[in-house]
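A short write-up of the structure that comes next.
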Amino acid sequence: MTNDFPRSRETTSMTTGLPADFRAFHQLHRKAYIDRAMVYLGNHADAEEAVDAAFEQLLRCWPKVLTMENPAAYAWKVMKNRVIDLARAHNRGPALLDNATFETAILKDAVDPIAVLEESLNLYQAIKKLPERQQDVVILLHCRGYSVAETATHLGITEAGVRSTARYARRRLQQLLAKEDR
């Protein structure tokens with residue numbers, strides 16, 4: 001089965017031999033998985049490799065995944081584990097701080113780019129200190145621009161759960177950033 005799995009962006013024609021429900025799941029979640037993996041790995045090719053490995057793992061046990069209470073939550077965890085495995089294999093840690101600050105388009109139009117950069121660095125340091133679920137919600141909602149509904153779908157939680165987690169994350173970020181200002 002592993003050899004039949006697509007390893008490129010052009011997946012539509014390559015996935016025809018796979019179960020229809022798996023193809024739909026793959027199509028629905030792959031972009032968000034790559035977005036999250038990119039934040040952690042800081043490299044698009046590595047993100048695709050880790051996400052494809054996660055989908056290969058899911059495909060091998062797809063009938064079992066479908067019987068789970070929450071397949072999306074399970075798949076999200078598989079993806080995150082594959083991302084961590086790839087980072088460890090390359091002797092790297094999370095790249096959130098490294099790439100997020102330099103992706104900030106605001107810097108070029110800022111009156112004081114150094115202040116904006118410092119604020120951005122503090123924010124990303126604070127995000128790294130959040131609990132895992134809060135990090136996921138903040139990254140998908142605020143760093144990658146997904147809606148509450150999309151975030152809920154990809155994480156396998158309810159929209160109310162996303163809003164609640166985002167609220168707790170905002171409070172925690174405010175606390176962490178307030179400590180930085182002292």
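The values are calculated or read from the model by the stated rules, or taken from the named source; none is laboratory data. Quick caveat: nothing in here was measured; it's all calculated off a predicted structure. For neighbour counting, all protein chains shown are included, and Cβ atoms are generated from backbone atoms with ideal geometry for every residue, glycine included.
So the values come out like this:
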| read-out | value |
| --- | --- |
| Sole exception among (1) modelled with pLDDT of 95 or more; (2) closer than 18 Å to Cys143 by Cβ for Arg36, by number | (1) |
| Test: Ala75 is surrounded by fewer than 19 Cβ atoms within 10 Å (Cβ to Cβ), within 19 Å of Thr153 (Cβ to Cβ) and at pLDDT 95 or above | no |
| Counted residues, the range 37-48 - those being part of a helix (DSSP H, G or I) and either among the polar types (S, T, N, Q) or surrounded by fewer than 18 Cβ atoms within 10 Å (Cβ to Cβ) (or both) | 2 |
| Criterion violated by Asn91 - all others in (1) part of a helix (DSSP H, G or I); (2) free of Cβ contacts under 8 Å to residues at least 24 places away in the same chain satisfied | (1) |
| Identity of the residue in the range 125-162, surrounded by 15 or more Cβ atoms within 10 Å (Cβ to Cβ) and charged (D, E, K, R), that ends up farthest from His26 (Cα to Cα) | Arg133 |
| Scope the range 147-161; condition within 16 Å of Asp35 (Cα to Cα) and without any contact (Cβ under 8 Å) to a residue 40 or more places away in the chain; matching residues | Ser147, Val148, Thr151, Ala152 |
| Among (1) among the charged types (D, E, K, R); (2) within 15 Å of Ala37 (Cα to Cα); (3) modelled with pLDDT of 95 or more - the single one Arg144 does not satisfy | (3) |
| Condition met for Leu176 (more than 24 Å from Val51 (Cβ to Cβ), crowded, with 17+ Cβ neighbours inside 10 Å, at pLDDT 90 or above and not assigned by TED's automatic domain parsing to the domain that holds Trp76) | yes |
